[in-house]
1. Ordered by residue, what ³J(HN,Hα) values in Hz, to whole numbers, does the stretch 87-99 give under the Karplus form 6.51 cos²θ - 1.76 cosθ + 1.60, where θ = phi - 60° and Gly and Pro are x?
2. I want the local charge near Glu82. Using Cβ-Cβ distances under 14 Å, sum +1 for each Lys or Arg and -1 for each Asp or Glu among the other residues.
3. Within the set of other residues whose C-beta is less than 12 Å from the C-beta of Val95, count the net charge using Lys and Arg as +1 and Asp and Glu as -1.
Amino acid sequence: MTTSPDDAVCGAVTDAVLAVPGVACLRPGLRGLLQAAGRRPGAVRVAHDAAGAVRAVHIEIVARAQHRTADVARAVRTAAAEAAAAPPAAVTVTVTGIV
């Protein structure tokens, strides 16, 4: 099975995000769960420009209550930008829950 560049970027971003202290898990919506059949959850979405460079990354996470949510979101944004080789301004982080 071959992986597309999009799958590779999503995988790298997912791994980087899950390593951030304070992240409990990724949180896909129902649409993401349905699309994820056999793949990683749809909580990480990547858009590319015409040249193939990453232009936008959207991540949905569940944060741990022991950590400051804003700090976790900032750390996720930084980690995702580095993993995707994208500017931090291209990364959007949505905290969908706190556990």
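1. Taking θ as phi minus 60°, the curve returns x, x, 5, 7, 9, 10, 10, 10, 8, 9, x, 9, 10 Hz for the stretch 87-99.
2. Working: positive: Arg74, Arg77; negative: Asp15.
Residues near Glu82 contribute +1 overall.
3. Working: positive: Arg27, Arg64, Arg68, Arg74, Arg77; negative: Glu60, Asp71.
Around Val95, the charge tally is +3.
Coordinate-derived values only; no laboratory data. Here the structure is a predicted model, which means the values were calculated and not measured. Note: ideal-geometry Cβ built from the backbone for every residue, glycine included; neighbour counts use all protein chains shown.
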